[in-house]
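J.: This is the structure I want to talk about, given as structure tokens.
The values are calculated or read from the model by the stated rules, or taken from the named source; none is laboratory data. Keep in mind the model is a prediction, meaning the values are calculated, not measured. No Cβ is skipped: glycine too gets one built from the backbone with ideal geometry, and neighbour counts run over all protein chains shown.
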């Protein structure tokens, strides 16, 4: 990997908009370097992060009225698994792609890209839900999580990988650098004592998805807005790791992780979630505040013996998480601060 983003800005994915054209307009206005397609969960339940990326999974049940999604293996599970794996074996990547019902923002984004709105962009970004997060959907038969059911969880992993490949292919039609994140807000459960999760199983599932993205010529990233075992992630073949830099405890653990030096030295990129997306934080923060936070964290990481210029070259500026829970004005403020910080760091006016 030889991607040097130089503090380019991008987003995690979700927006509060219900009109995809409005969300895409904001994205292309504020994200000149790494625009990303918007997820719009307020538009329709089908754009919920679990529903959006589980389409096509065997035994899936979506209760649109009650806004629930999960599995029901009481029917013809062997038959559904057979039909699912036939698509995988045939390498039918298109079967696992997004459609306009589940991802109106993707269609709008691609139309805008075709119209030249991303001209000059350094990369284009997409995202999928991670296998651990999807693996915590339950089976109606016994209430067990999919991650505890080997056949079902393997299908979850394969589906994530194939969707990521599909997105990478679509983006690669317009960029040499497609970036695909798999979002894992559930990573913080590992080692929490509330769940018994096999670390090796999760690591293998991550590596399968990383390999799938890189197979298509894409850069593989992951985002976790909670705490995580950062050393485990930093030791994987990830190209980009995104974390919530507005949380003091999380930022401290990431910066002090043993493997962070080696990750950056081998060319890994750090996506600093520096603009807050929690309402009470984004309401009061200003451009000076995010600039001071970024500068301070950058110097702390450089204090571990990594050249500050090298860190900056491998840095991406992002929000701490998605913005779907915010009001439209606050989501727009996030984008303004992103653009401003990136421009300041890169030494250009905004």
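J.: Determine which single condition residue 228 fails, assuming it passes every other condition in (1) in a helix (DSSP H, G or I); (2) modelled with pLDDT under 95; (3) crowded, with 20+ Cβ neighbours inside 10 Å.
T.: That leaves (1) as the condition not met.
J.: Under 8 Å by Cβ, and 6 or more places apart or on different chains, what pairs join a residue from the stretch 73-94 that is closer than 12 Å to residue 158 by Cβ with one that is modelled with pLDDT under 95 and not in a helix (DSSP H, G or I)?
T.: So the pair list comes out as 84/56; 87/56.
J.: Still on this structure: Might you check whether a residue that is over 15 Å from the mean Cα position of the chain (by Cα) and over 30 Å from residue 152 (Cα atoms) occurs anywhere in the stretch 236-245? Working first, answer last.
T.: Keep residues of the stretch 236-245 that are over 15 Å from the mean Cα position of the chain (by Cα), which gives 236-237, 245.
This time we only want the ones that are over 30 Å from residue 152 (Cα atoms), so: 245.
Within the stretch 236-245, one or more residues are over 15 Å from the mean Cα position of the chain (by Cα) and over 30 Å from residue 152 (Cα atoms).
J.: Could you go through the stretch 218-225 and let me know if any residue there is assigned to a loop (DSSP other than H, G, I, E, B), in contact with a strand residue (DSSP E or B) (Cβ under 9 Å, 6 or more places away or on another chain), modelled with pLDDT of 95 or more and more than 18 Å from residue 49 (Cα to Cα). Step through it out loud before you land on a result.
T.: Kept after step one, since they are assigned to a loop (DSSP other than H, G, I, E, B), are these residues of the stretch 218-225: 218, 225.
Now drop any that are not in contact with a strand residue (DSSP E or B) (Cβ under 9 Å, 6 or more places away or on another chain), which leaves 218, 225.
From the residues that got through so far, the ones that are modelled with pLDDT of 95 or more too are 218.
With more than 18 Å from residue 49 (Cα to Cα) added as a condition, the list becomes 218.
Yes, because at least one residue in the stretch 218-225 is assigned to a loop (DSSP other than H, G, I, E, B), in contact with a strand residue (DSSP E or B) (Cβ under 9 Å, 6 or more places away or on another chain), modelled with pLDDT of 95 or more and more than 18 Å from residue 49 (Cα to Cα).
J.: Taking the stretch 310-329 only, how many residues are touching a helix residue (DSSP H, G or I) at 6+ places or on another chain (Cβ under 7 Å) and either at positive phi or surrounded by fewer than 16 Cβ atoms within 10 Å (Cβ to Cβ) (or both)?
T.: 1
J.: State yes or no: is residue 202 over 24 Å from residue 5 (Cβ atoms), touching a helix residue (DSSP H, G or I) at 6+ places or on another chain (Cβ under 7 Å), in contact (Cβ under 8 Å) with a residue 12 or more places away in the chain and not in a helix (DSSP H, G or I)? Lay out the reasoning, then the answer.
T.: Details: over 24 Å from residue 5 (Cβ atoms): yes; touching a helix residue (DSSP H, G or I) at 6+ places or on another chain (Cβ under 7 Å): yes; in contact (Cβ under 8 Å) with a residue 12 or more places away in the chain: yes; not in a helix (DSSP H, G or I): no.
So residue 202 fails the test.
J.: Suppose the filter is modelled with pLDDT under 95 and surrounded by 13 or more Cβ atoms within 10 Å (Cβ to Cβ); does residue 128 pass it?
T.: Numbers: modelled with pLDDT under 95: no; surrounded by 13 or more Cβ atoms within 10 Å (Cβ to Cβ): yes.
Taking the combined requirement at face value, the residue does not satisfy it.
J.: For the stretch 330-347: of the residues being closer than 10 Å to residue 319 by Cα and in contact with a strand residue (DSSP E or B) (Cβ under 7 Å, 6 or more places away or on another chain), which is surrounded by the most Cβ atoms within 10 Å (Cβ to Cβ)?
T.: So, considering only residues that are closer than 10 Å to residue 319 by Cα and in contact with a strand residue (DSSP E or B) (Cβ under 7 Å, 6 or more places away or on another chain), the one surrounded by the most Cβ atoms within 10 Å (Cβ to Cβ) is 334.
J.: Only one residue in 270, 285 is modelled with pLDDT of 95 or more and either more than 17 Å from residue 10 (Cβ to Cβ) or assigned to a helix (DSSP H, G or I) (or both), so which one is that?
T.: Going through 270, 285 in turn, the sole match is 285.
J.: Still on this structure, please answer the following. Could you run through the stretch 240-258 and say how many residues are touching a helix residue (DSSP H, G or I) at 6+ places or on another chain (Cβ under 9 Å), assigned to a loop (DSSP other than H, G, I, E, B) and surrounded by 16 or more Cβ atoms within 10 Å (Cβ to Cβ)?
T.: Qualifying residue count for the region: 3.
J.: On the given criteria, is residue 331 farther than 27 Å from residue 185 by Cβ and part of a helix (DSSP H, G or I)? If you could, list the steps in order and put the result at the bottom.
T.: Details: farther than 27 Å from residue 185 by Cβ: no; part of a helix (DSSP H, G or I): yes.
Here the answer is no, as residue 331 does not meet what is asked.
J.: From 60, 31, 46, 40, which residue is over 14 Å from residue 336 (Cα atoms) and in contact with a strand residue (DSSP E or B) (Cβ under 7 Å, 6 or more places away or on another chain)?
T.: Details: 31 fails: over 14 Å from residue 336 (Cα atoms); 46 fails: in contact with a strand residue (DSSP E or B) (Cβ under 7 Å, 6 or more places away or on another chain); 40 fails: in contact with a strand residue (DSSP E or B) (Cβ under 7 Å, 6 or more places away or on another chain).
Testing whether each residue is over 14 Å from residue 336 (Cα atoms) and in contact with a strand residue (DSSP E or B) (Cβ under 7 Å, 6 or more places away or on another chain) leaves just 60.
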